[in-house]
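**Q** I have a structure I would like to understand better, so I am pasting it below and will then ask my questions one at a time.
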Amino acid sequence: MDLIINRIGSEKVPVKENTGTKKNPFADLSFLIFSAIAFIAGGICYSKGKEVFCSGLDASWSMFLTVAPRLVAALLMAGFAEVLVPKDLITRWIGKKSGHKGILVATLAGILTPGGPMISFPLIAALYKLGADMGPLVGYLTAWELLGIQRIIVWEIPFMGMKFASLRFLVSLGLPILAGMIAKKLVLRFGEAPKGGKR
Amino acid sequence: MDAASLVIWLIALAMGAMALRRSGKLFREGMTRALGYVLTMGPRMVVAVLVSGFFSAIIPTNLVAAWLGDEAGMKGVLIGSAVGGLMPGGPIICFPIVFILFEGGAGMPSLIAFLTAWSVFAFHRIIAYEIPLMGLHFAMIRILASAILPPLAGILALVIEAHLPA
């Protein structure tokens, strides 16, 4: 088991290097689409009159002044978190097969996992094949989606502020555990999916 | 500097100090990664901010307030859950939109339902990652298990907000 987990750990590294820091932002499709939307929205504003366009730019500028300093700090945090959190720690936690406690641990691991879907999904796919329970895996994914620290720091707090982010965090705390428990019940009813080679 | 910025900066500095105390190499590695993030995220943030600004100049705020505002209550939470679930794209698209809605008068419970639905049902992620890697069966069970989360989060937020002093 340890051997397999170590192998997964080492396989994760190239995935990360492909998608992580050295990516050219201009090669990204969603970025291009979004730039086009910005352009069109600017055009619509302009067609409604110069003052509408200027008030849009004004709003953008004041938002930039709020968001930029927070974002730089957030990205520093993200960079340091990546080098400080041991890579195999999360794998070890969630790899355990242990009922409700497993869901709780998985929730915690999901909150702490940094990075986008290209990091979290290969990890849980590997655990799934190793035989991890569906409850903890659903708990893990839900926690990563709803409570993932990195997204909260990089996106939510800069845009929405502390009050909004903390209220949302608070109401979402129990949800991954709930989803994990419902998933366990659903598995009893609909059955486990075929795993590993059969898939 | 506002409270949010201050807190993040303090944590960032503390983490930097932690890395530096372990080794200079680790610190440089962390800085390199952070710089990489800045290069990736910087242009995205500029575009996100531009879209937000322009949309905020043209979006009909009275409509937003009526549908998602604090008076909308439960209706706002349900609308937020439904619309958020249909929302495509990553955080670069979602957060500017939520920000505009917030500025336009949408209430926190509606927007929390919106963000929760967007987070658990993001179908670009389901199609690009979850189904290929985990299989359809896993995805279906996870989606079913998550179906009640957005309205639940919204309702909880409604309750808490009602008990909070403004």
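**Q** Figure the gain on full extension for B:ILE148 and B:LEU63 (residue separation times 0.36 nm, minus the Cα-Cα span) and round it to one decimal in nm. Numbers along the way, then the final one.
**A** Values: separation 85, 0.36 × 85 = 30.60 nm, distance 2.61 nm.
Difference between extended and current length: 28.0 nm.
**Q** Treating only the Cβ atoms of Lys and Arg (+1) and Asp and Glu (-1) as charged, compute the dipole magnitude of segment B:55-166 about its Cα centre; round to the nearest 20 debye. Walk me through the numbers on the way to the answer.
**A** Working: 3 positive and 5 negative charges, 61 e Å.
Value, rounded to 20: 300 debye.
**Q** To the nearest 0.05, what FRET efficiency results for B:ARG28 and A:ILE40 with a Förster distance of 35 Å applied to their C-beta separation? Let's see the in-between values first.
**A** Values: r = 42 Å, r/R0 = 1.19.
Working from the Cβ atoms, E equals 0.25.
**Q** Please identify the helices of chain B, taking whole runs of DSSP H, that span at least 24 Å along their own axis as judged from the Cα atoms and have a mean Kyte-Doolittle score of 0.5 or higher.
**A** Working: long enough: B:3-22 (29 Å, 1.59); B:24-58 (50 Å, 0.90).
Correct list, ordered by number: B:3-22, B:24-58.
**Q** Can you give the extra length, in nm with one decimal, that the chain gains between A:LEU173 and A:CYS54 once fully stretched, where that is 0.36 nm per residue apart less the Cα-Cα distance?
**A** Details: separation 119, 0.36 × 119 = 42.84 nm, distance 4.11 nm.
This chain segment gains 38.7 nm when fully extended.
**Q** Any idea what the relative contact order of chain B is, in percent, if you count C-alpha pairs under 8 Å spaced at least 6 apart? Could you put the intermediate results ahead of the total?
**A** Values: 160 pairs, mean separation 34.7, N = 166.
Computed over chain B, the figure is 21 percent.
Taken together, the values in this text are just the output of simple stated rules run on the coordinates, not laboratory data. Note that the structure is a prediction, hence the values are computed from the model and not measured. As a convention, Cβ positions derive from the backbone with ideal geometry for all residues, glycine included, and neighbour counts pool all protein chains shown.
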